[in-house]
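A short write-up of the structure that comes next.
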Amino acid sequence: MRVRRERGWGEHGVVYAAVAAGSFRRYATYRIATVAGVFTNTVFGFIVAYTYIALWDERPHLGGYDQAQALTFVWTAQALLATAALMGGGGLDELQERIRTGDIAVDLYRPADLQLWWLAADLGRAGLQLLGRGVAPMAVGALVFPLALPGDALTWGCFLLSVLFGVLVSFALRYLVALASFWLLDGSGLAMISGLACMFFTGMVLPLRVFPGGSAEVVQLLPWAAILQVPADVLMGVRSGDGLVRGLVFQAGWAGALLALGRLVQSAATRKVVVHGG
């Protein structure tokens, strides 16, 4: 298949901005789903919060967190659950399906880069989810529990930057999983495994700092740590000064490396496109 030459962000920045804006508007139309998501995140946040209270009553300063910081981690995780697609999906299941059905051929003929197109769409989705399903659960958590939230705008700004890097890492991982469908007849199994790995290694189940022994240090070097653990630590002030810079560089490094790997895999996949089912 002859694929039209792909072009980068600089040449078609307006197009990708429009894709991001369109994705934001698209997800904004699902108002009932957003309200249901806020309710679910909030209820689940309460369940996990009271579990953490019981755990930190027995083990104060577990993982170097006091109870307020542990509770802040809980509600940060709920705020980023949909934003960073901590349970997988996040719109790239549509790309996976387009590859499976062969509709990806239409995408490859667009005068735009495939990876940047889907990245722009994912950033639009993440922006809406942060506003729609992120702010409300965090606000409820702050009203009910004593959270360790920052009082200065600089820390909040660094947190948002860290969230952006986390979304980029999340996208890069999910994009690689979606591209695997070029070689797999059904990539749903791999997507499920990826989603479980994301939940466990991001700290969604339990903060990575409380993992036993040397495993805590190992899991904090993996790319999934950049999605939730680092942003939560930035918000709580656990990372400040040089630690903050190292955390952001860690996230940016993994984002760059995984996005570059995605481009290599994309290039290998589109050299010879085999359309399954048609």
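The values are calculated or read from the model by the stated rules, or taken from the named source; none is laboratory data. Quantities reported herein were computed from a predicted structural model and do not represent experimental measurements. We place every Cβ from the backbone using ideal geometry, glycine too, and count neighbours over all the protein chains shown. These accessible areas exclude ligands, DNA and RNA; they are computed on the full protein's heavy atoms, side chains included. Shrake-Rupley method; radii C 1.70, N 1.55, O 1.52, S 1.80 Å.
Pairs linking a residue in the range 232-259 that is more than 20 Å from residue 151 (Cα to Cα) and at pLDDT 95 or above to a residue that is of a type in the set (Phe, Trp, Tyr) and open to solvent by less than 30 Å² (accessible area, probe 1.4 Å), with Cβ atoms under 9 Å and 6 or more positions apart or on different chains, are 255/171; 258/171; 258/175; 259/171; 259/175. Here the range 190-222 is the region considered, the condition is being over 18 Å from residue 251 (Cβ atoms) and aromatic (Phe, Trp, Tyr), and the residue that is nearest to the chain's Cα centre (by Cα) is 200.
Are any residues in the range 183-196 open to solvent by 20 Å² or more (accessible area, probe 1.4 Å) and assigned to a helix (DSSP H, G or I), and if so, which ones? Even if it seems obvious, please write down each step before you answer.
Of all residues in the range 183-196, those open to solvent by 20 Å² or more (accessible area, probe 1.4 Å) come to 183-186, 188-194, 196.
Selection gives 188, 189, 190, 191, 192, 193, 194, 196.
Within the range 133-143, the set of residues being in contact (Cβ under 8 Å) with a residue 24 or more places away in the chain and open to solvent by 20 Å² or more (accessible area, probe 1.4 Å) comprises 133, 135, 136, 138, 140, 142. Looking only at the range 197-233, residues that are in a helix (DSSP H, G or I), hydrophobic (A, V, I, L, M, F, W, C) and farther than 17 Å from residue 65 by Cα come to 9 in all. In this entry, residue 155 passes the filter for residues that are hydroxyl-bearing (Ser, Thr, Tyr), closer than 26 Å to residue 52 by Cα and surrounded by fewer than 20 Cβ atoms within 10 Å (Cβ to Cβ).
Take residue 209 and decide whether it is crowded, with 16+ Cβ neighbours inside 10 Å and farther than 22 Å from residue 260 by Cα. Here the answer is yes, as residue 209 does meet what is asked. Among the residues of the range 244-252, is any among the aliphatic types (A, V, I, L, M), outside any loop (DSSP other than H, G, I, E, B) and open to solvent by less than 10 Å² (accessible area, probe 1.4 Å)? No. Only residues that are part of a helix (DSSP H, G or I), open to solvent by 10 Å² or more (accessible area, probe 1.4 Å) and closer than 16 Å to residue 71 by Cα were counted across the range 234-243, and they come to 1.
Exactly one residue among 103, 93, 57 is more than 23 Å from residue 188 (Cα to Cα), open to solvent by 30 Å² or more (accessible area, probe 1.4 Å) and of a type in the set (Asp, Glu), and that residue is 57.
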